[in-house]
Amino acid sequence: MTYMRIHGGMGADFLPTQEFFLARQPILNREQTLVGYELLFRSTAANQANITNDLSATTAVIAHAAEIGLANVIGGLRGFINVDINVLMSDFIHVLPSDQVVLEILETVEVTPALLSRVAALGKEGYIFALDDVVAISPDIEKLLPFVSIVKVDVSLQSIDELQHMSVHFKKTQKIILAEKVETIEQFNDCLLCGFDYFQGYYFATPVILHGKKLSASKNVIMNLLMMLVRNADNHDIVRYIKTDAALSTTLLKLVNTPINGASAKINSLGKALLVLGHRQLRRWLQVLLFNNIDLASGEQLSPLLILAATRGKMLELLAERLAKGRPKIAEEAFTVGIMSLVDTLFGMDMDAVLKQIHVSEEIQAALQYRSGFYGQWLKLVEYTEKPEEMRTHIVDALFTLQLSADAFFEIEREAFLWSNTISVNMGLLQNEVDEEVAGQPHLSH
């Protein structure tokens, strides 16, 4: 355990911190399907002046990544991890499993014969390499190209002509081209036209506002059910309404029978399903289903928004359990805040317009619209972990304000990542079964 001094205010305050914080940023393919995460471990020392990132600090980060278990953070996907010269040349790199990671060679690494020899040797051991933050074609990049599989291009300051030029060049050598720092839909579309394969950035969670847009029919069913639960409607009325949507009926029966719900015997009626789930858990599943963002009876891929929304919801719930102990309603509403914080993105609507169609408490509304109140404060903390550049500058101050240790927050992150990965796996398994069962319209009894 180390202690970091927090500046600001009278006197000196000290916050007990772990060696670093964790962020994961989604990497998507051309169909906007999740294919991996870049894992960013921010040392608390990085927020202090005149501290170098030496070998011991870098290897400590990798050691802890292995300790928490990469599968807990990335599920069955690949984790993209930045590596500097110290890590590359050290045997400690073998702590990272070659079948779970992509090693990103930082742009600051000097290309020497010793480096090329080391990368070649690690490649023979099964490690996959990527070039990080490429902004132009250079002699050093040309030397590294034979040893890497992925080229990550920083597209933030590139014209479409420059993007096209780099795409053509790297495609000739059969490299996967990843566009990083994609912040807008326009940038995403430009990169698509230029032939990029993978995409990384905040663009998929940025709302595209379409004036006058309303909720789709399937989303309306879910929203109406949520409102019935808020009003504590009778179970009989809830079951009867669920039955109006065959896909939703089938999906909820599948959900209640997944291992995550711990059912000891198969449940094959909606009435029993509701008794097992309870209103609280049913509301939670409905909120998650909103972010599936696909027709429940289709075979489309899950939206990355589902995973992001589920992670936010779980992180806020866990924060509430620590910061508002003994107040289960706070934890439940915190989960709702996390899930609902992306409804503007999901529906392509302004948040104000969405909230006119969804009844929520004043506290939740303030958090969603203005990031104010204690829910809003927790939500901002969670959002910092999704934007690594903001995490570097704001997260320590946010934790200090909440009087939450970095150790505790790191554990919250790990548990939320594991939970959202489980949700994603369960939803993916359900998707393979729902189509044929909906087509058969099975009889659903009370």
Which condition does His211 not pass, out of (1) at pLDDT 85 or above; (2) in a loop (DSSP other than H, G, I, E, B), if it passes all the others?
-> (1)
Of the residues in the stretch 109-166, those that are assigned to a helix (DSSP H, G or I) and either out of contact with any Cys (no Cβ under 6 Å at 6 or more places or on another chain) or in contact (Cβ under 8 Å) with a residue 60 or more places away in the chain (or both) number 26
Considering residues of the stretch 237-280 that are part of a helix (DSSP H, G or I), farther than 25 Å from Lys329 by Cβ and of a type outside the set (A, V, I, L, M, F, W, C) only, the residue modelled with the lowest pLDDT = Pro259
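With the structure loaded, tell me whether Glu104 is open to solvent by 70 Å² or more (accessible area, probe 1.4 Å) and not aliphatic (A, V, I, L, M) or whether it fails that test.
Details: open to solvent by 70 Å² or more (accessible area, probe 1.4 Å): no; not aliphatic (A, V, I, L, M): yes.
It is false that Glu104 is open to solvent by 70 Å² or more (accessible area, probe 1.4 Å) and not aliphatic (A, V, I, L, M).
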For the stretch 337-346, indicate whether the set of residues that are small (Gly, Ala, Ser) and either touching a Ser or Thr at 6+ places or on another chain (Cβ under 6 Å) or outside any loop (DSSP other than H, G, I, E, B) (or both) is non-empty.
-> yes
In this structure, is Arg371 basic (Lys, Arg) and buried (at least 23 other Cβ atoms within 10 Å of the Cβ)?
-> no
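Among the listed residues Asp91, Asp99, identify the single one that is modelled with pLDDT of 90 or more and surrounded by fewer than 19 Cβ atoms within 10 Å (Cβ to Cβ).
Details: Asp91 fails: modelled with pLDDT of 90 or more.
Asp99 is the lone residue from the list that is modelled with pLDDT of 90 or more and surrounded by fewer than 19 Cβ atoms within 10 Å (Cβ to Cβ).
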Out of (1) more than 21 Å from Thr311 (Cα to Cα); (2) at pLDDT below 90; (3) open to solvent by 10 Å² or more (accessible area, probe 1.4 Å), the one Val434 does not meet is (3)
Going through the stretch 187-201 in order, the residues found to be surrounded by fewer than 19 Cβ atoms within 10 Å (Cβ to Cβ) and over 22 Å from Glu38 (Cα atoms) are Leu193
Filtering the stretch 154-181 down to residues that are crowded, with 16+ Cβ neighbours inside 10 Å, modelled with pLDDT under 95 and of a type outside the set (D, E, K, R) yields Gln158
Residues of the stretch 83-114 being within 14 Å of Asp132 (Cβ to Cβ) and among the aliphatic types (A, V, I, L, M), which ones?
-> Val83, Ile85, Val87, Leu88, Val101, Val102, Leu103, Ile105, Leu106, Val109, Val111
Within the stretch 406-414, identify whether any single residue is touching a Lys or Arg at 6+ places or on another chain (Cβ under 8 Å), farther than 30 Å from Leu255 by Cα, part of a helix (DSSP H, G or I) and open to solvent by 20 Å² or more (accessible area, probe 1.4 Å), and answer yes or no.
-> no
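The values are calculated or read from the model by the stated rules, or taken from the named source; none is laboratory data. Not measured: the values here are computed from a predicted model. Please note: Cβ atoms are built from the backbone with ideal geometry, for glycine as well, and neighbour counts cover all protein chains shown. Just the protein is used for accessible areas: all its heavy atoms, side chains included, with ligands, DNA and RNA removed. Shrake-Rupley method; radii C 1.70, N 1.55, O 1.52, S 1.80 Å.
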